[in-house]
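The structure appears right after this line, and notes come after that.
The values are calculated or read from the model by the stated rules, or taken from the named source; none is laboratory data. Please read all numbers here as calculations on a predicted model, not as lab measurements. Because the Cβ atoms are built from the backbone with ideal geometry, glycine has one as well, and the counts that use them run over all protein chains shown. Just the protein is used for accessible areas: all its heavy atoms, side chains included, with ligands, DNA and RNA removed. Shrake-Rupley method; radii C 1.70, N 1.55, O 1.52, S 1.80 Å.
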Amino acid sequence: MAAILELEGVCAHYGRIQALRDVSLRVEEGEVVTIIGANGAGKSTTLMTICGIVRATAGEVRYAGESIRDKRPDQLPALGLCQVPEGRRIFPRLTVQENLDMGAFLRRDADEIEADLGMVFRLFPVLHERRKQHGGTLSGGEQQMLAIARALMGRPRMLLLDEPSLGLSPMISQHIFRIIRNVNEERGMTVLLVEQNANMALKLADRAYVMETGAVVMEDDAAALRENADIKKAYLGQ
Amino acid sequence: MTRGSRKSWQYFGLGLAWFYLLLWPLLGIRDGELHFAATFAVWLRVAVGATICFVLYRLGKAGRLDGVLHPLAAARDAVGDAMSRAPRWMLLTPVIVFALAYPMLTNRYAQDVAINVLVYICLGLGLNVVVGLCGLLDLGYIAFYGVGAYTYALLSVHYSVPFWVCLPICAVFAAVAGCFIGYPTLRMRGDYLAIVTLGFGEIVRIVINNWMALTGGPNGILGIKSPGIYIPHFVDGSFSFEYLLLRKLEYLYYVILALAAFTIVAVHRINFSRIGRAFEAIREDETAAELMGVDTFRFKLLAYALGAVFGGLAGAFFAARMRFVSPESFTFIESAMVLAMVVLGGMGSIPGVILGALALVALPEAFREFELYRMLAFGGAMAVMMLVRPAGLWPAARMGKRSDDTE
């Protein structure tokens with residue numbers, strides 16, 4: 001299978017501090033891959049480097065065989081690479097409906113957009129109930145659903161998710177993870193998931209990377225990592 | 001008296017004492033001597049007024065005024081309800097008829113004030129695109145007003161280009177100026193952007209002030225022509241056009257009324273377009289907008305240029321009406337006034353900005369006797385506004401509530 005996303009020896013810096021050291025990873029088409037690690041391990045920075053919010057200082061980022069290292073963040077949705085940013089970042093004073101419309105900002109196919117709107121409302125019925133409410137008035141879990149739904153409205157080939165379980169109750173996190181799995185299976189959407197909740201992420205994903213202090217320290221099938229003694233001790237609390 | 005109310009009275013007393021301390025150096029130190037009587041007289045009036053307001057406020061809070069307030073609130077709700085159900089044309093028609101008939105009903109002075117209000121409505125709505133929709137704090141907006149005014153002034157004086165031809169040229173020049181200023185500054189966000197736009201606004205004014213050869217410097221430019229129209233003329237069966245310069249105030253009133261109407265319609269269209277939605281997304285969260293595929297830099301530049309266009313149009317009219325321009329008309333205080341109108345009226349709201357312009361231009365005219373205290377009243381009004389109606393006089397539908405105010 002062809003890799004849809006490939007990072008090769010990527011380094012990134014915040015000022016003089018090196019945040020990513022020689023990160024290499026690949027995601028195959030149709031896979032769910034997760035990056036786990038502690039706070040400050042460089043997981044989110046990896047995602048931000050993929051979308052060009054943080055510039056890679058060395059290395060190469062390839063998406064669908066093409067280098068996207070020098071692309072601006074706003075050029076990626078057109079290529080089918082959509083991100084659900086950390087902290088959700090929905091538009092608080094736009095209504096739920098308008099938030100979703102923004103997700104389809106680059107698309108001109110009104111009929112298809114309408115169909116996708118129906119699709120995300122089926123996935124997240126609560127958003128349909130609240131479609132006239134301001135995004136900022138939703139609860140944390142609903143905002144996360146809105147952020148994911150908004151990204152889905154761009155009809156991505158690949159979805160990047162940054163800590164979707166942050167600040168949510170276990171039950172809502174599980175609900176959201178189930179939907180991510182659904183989307184992956186039904187639409188064949190590739191997912192790269194950054195997550196602190198290693199347990200849930202490893203249950204969801206096919207493969208996983210473990211990051212520590214800005215570098216990838218381990219890479220394996222998710223099922224194998226869940227049985228790994230070191231991982232159990234360090235990340236799963238067993 | 002409950003503990004809460006005693007505490008609020010204490011604060012109120014402290015506030016009055018503090019106000020006296022502020023007021024005294026302002027009024028009490030004159031010609032090297034210290035006066036107390038004048039300050040005390042002014043302070044006493046303010047204190048009495050404030051105490052009455054405060055007593056009413058406390059009574060209202062304690063529920064003693066319910067007998068009066070409840071029917072009032074019910075009446076207000078009923079009116080609001082009827083307004084929201086009535087079709088839009090029913091609300092707009094009386095406004096339009098009044099606006100058209102205005103010069104026939106009023107004298108020169110009132111027309112003059114109305115022209116001022118309309119100019120500021122254009123400016124406010126233009127700035128509203130930048131500040132209210134796109135969320136870019138621009139403290140140098142008046143520069144575009146200046147660019148429009150000087151463009152028309154120069155074209156009119158040197159090449160005698162007619163007003164109507166100049167209008168689009170002024171708009172284009174202002175938009176180009178907007179891009180020139182926006183290109184380097186729009187990489188900044190928030191407070192930094194505000195400071196840099198402030199700087200650029202001043203640069204434009206100072207350039208105008210010092211470029212003697214082109215702009216006449218502080219002397220300004222005299223002899224700008226009024227707008228003219230051709231009116232059909234029938235004499236003994238032969239048909240010709242007569243050129244008429246619109247010097248009279250009521251004609252000028254109709255010119256600016258048309259410009260303001262154009263601005264309102266244009267801003268309304270922008271507001272509800274895909275571009276407007278992108279502006280709002282940038283205001284709400286620039287990074288998220290970028291992740292949705294909005295080219296934020298280009299859209300911010302577009303917002304800046306669009307805002308500048310309306311400033312330029314208003315500027316062209318200003319030059320044509322005064323028939324004189326000088327750098328004094330484009331100082332920072334003007335930018336601040338326009339911004340105050342947008343904030344006071346309600347950011348992002350078209351009727352709000354119109355109300356804001358009306359309040360800040362017409363009210364000072366109505367209270368001319370108290371001109372000395374204008375800035376004092378202005379500051380006080382702003383402070384009260386922010387406490388009572390933080391989203392503005394007529395907030396945009398979406399600006400009213402945020403998740404954090406619902407609790």
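Neighbours of B:Thr287 by Cβ distance under 13 Å: Lys/Arg scored +1, Asp/Glu scored -1, total -2.
Within straight-line reach of A:Lys233, meaning a Cα separation under 26 Å, sit the following lysines at least 8 residues removed in sequence or on another chain: A:Lys43, A:Lys203. Annotation: average projected area of segment B:60-158 is 12.1 square nanometres, based on the convex hull of Cα atoms across all directions.
Only lysines eight or more places from B:Lys225 in sequence, or on another chain, were considered; those with a Cα closer than 18 Å are B:Lys248. Its relative contact order, with pairs defined as Cα atoms under 8 Å and 6+ residues apart, puts segment A:1-84 at 33 percent.
Run lengths n ≥ 4 of DSSP H only: what is the helix-derived mean residue ellipticity at 222 nm for chain B, with -39500 (n - 2.57) per run over all residues, to the nearest 500? Before the final figure, lay out the partial values.
Working: 16 runs with 290 residues, N = 407.
Per the formula, -24000 deg cm²/dmol.
One compactness figure for segment B:179-218 is 1.39, namely its Cα radius of gyration divided by 2.2 N^0.38 Å.
By DSSP, the beta bridges lying fully in the protein assembly as shown are antiparallel in about 65 percent of cases.
Suppose a student asked you for the relative contact order of chain A, using Cα pairs under 8 Å spaced at least 6 residues apart; what percent would you report?
Once normalised by length, the contact order is 28 percent.
Could you give the angle, 0 to 90 degrees to the nearest 10, between helix B:190-210's Cα long axis and the longest principal axis of the Cα atoms of chain B? Approximately 50 degrees, to the nearest 10. Any idea what angle helix B:88-105 forms with the longest principal axis of chain B, computed on alpha-carbon atoms, 0 to 90 degrees, nearest 10? Between helix and principal axis, roughly 70 degrees.
Translational diffusion of the protein assembly as shown, estimated by Stokes-Einstein from the Kirkwood radius over alpha carbon pairs at 37 °C in a medium of 0.692 mPa s, is 114 µm² per second. Calculated accessible area for the protein assembly as shown comes out at 50 Å² per residue, all protein chains present (probe 1.4 Å; ligands, DNA, RNA ignored).
Farthest towards the positive end of the charge dipole of the protein assembly as shown, among the residues B:Ile275, A:Val120, B:Met375, is the Cα of B:Met375, using unit charges on the Cβ of Lys, Arg, Asp and Glu. Summarising the label geometry, the points placed 7 Å from Cα in the beta-carbon direction at B:Phe332 and B:Val165 lie 4.0 nm from one another. The share of accessible area on the protein assembly as shown that comes from carbon and sulfur is 62 percent, using a 1.4 angstrom probe. Charge dipole of the protein assembly as shown (Cα centre as origin; +1 on each Lys and Arg Cβ, -1 on each Asp and Glu Cβ, all else neutral): 1620 debye, rounded to the nearest 20.
Largest GNM mean-square fluctuation among A:Glu163, A:Glu195, A:Glu112, using chain A with Cα springs under 10 Å: A:Glu112. Averaging 1/r over each pair of different alpha-carbon atoms in chain A and inverting the result gives 18.1 Å, the Kirkwood hydrodynamic radius.
What residues does segment B:280-295 have that are buried by at least 20 Å² of accessible area in the full protein assembly compared to the chain on its own, 1.4 angstrom probe? At a threshold of 20 Å² (probe 1.4 Å), the residues of segment B:280-295 that become less exposed are B:Ala281, B:Glu284, B:Asp285, B:Thr287, B:Ala288, B:Glu290, B:Leu291, B:Met292, B:Gly293, B:Val294, B:Asp295. Given +1 at the Cβ of Lys and Arg, -1 at the Cβ of Asp and Glu and no other charges, the dipole of segment B:3-80 around its Cα centre is 400 debye to the nearest 20. Can you give the angle from 0 to 90° between the axis of helix B:274-284 and the longest principal axis of chain B, with both taken from C-alpha atoms, to the nearest 10? Helix B:274-284 sits roughly 40 degrees off the main axis of chain B. Mean residue ellipticity, 222 nm, helices only, chain A: the sum of -39500 (n - 2.57) across DSSP H runs of n ≥ 4, divided by residue count and rounded to 500, is -10500 deg cm²/dmol.
Kindly provide the Kirkwood hydrodynamic radius of chain B in Å, to one decimal, from all pairs of distinct alpha carbon atoms. Please report the intermediate quantities before stating the final value.
Numbers: mean 1/r = 0.0417 Å⁻¹.
24.0 Å is the Kirkwood radius here.
Across the alpha-carbon set of segment B:3-80, the Rg to Rh ratio works out to 1.20, Rh being the Kirkwood radius. The residues of segment A:83-111 occluded by other protein chains by 30 Å² or more of accessible area, set against the chain on its own, are A:Gln83, A:Arg89, A:Phe91, A:Pro92, A:Arg93, A:Leu94, A:Glu98, A:Met102, A:Phe105, A:Arg108; surface from heavy atoms, 1.4 Å probe. Cross-link reach is defined here as a Cα-Cα straight distance under 21 Å, omitting same-chain residues fewer than 8 places apart; for A:Lys132 the lysines meeting it are B:Lys401. Once the partner protein chains are put back, segment A:133-163 shows a loss of at least 20 square angstrom of accessible area, versus the chain by itself, at A:His134, A:Gly136, A:Thr137, A:Arg150 (probe 1.4 Å, ligands and nucleic acids excluded). Summing both sides, the accessible surface hidden between A and B at a 1.4 Å probe radius is close to 2500 Å². DSSP assigns beta bridges within chain A; of those with both partners inside it, close to 55 percent run antiparallel.
Give, to the nearest whole percent, the P(r) tail of segment A:59-140 beyond 17 angstrom, counting all Cα pairs.
It works out to 57 percent of all Cα pairs.
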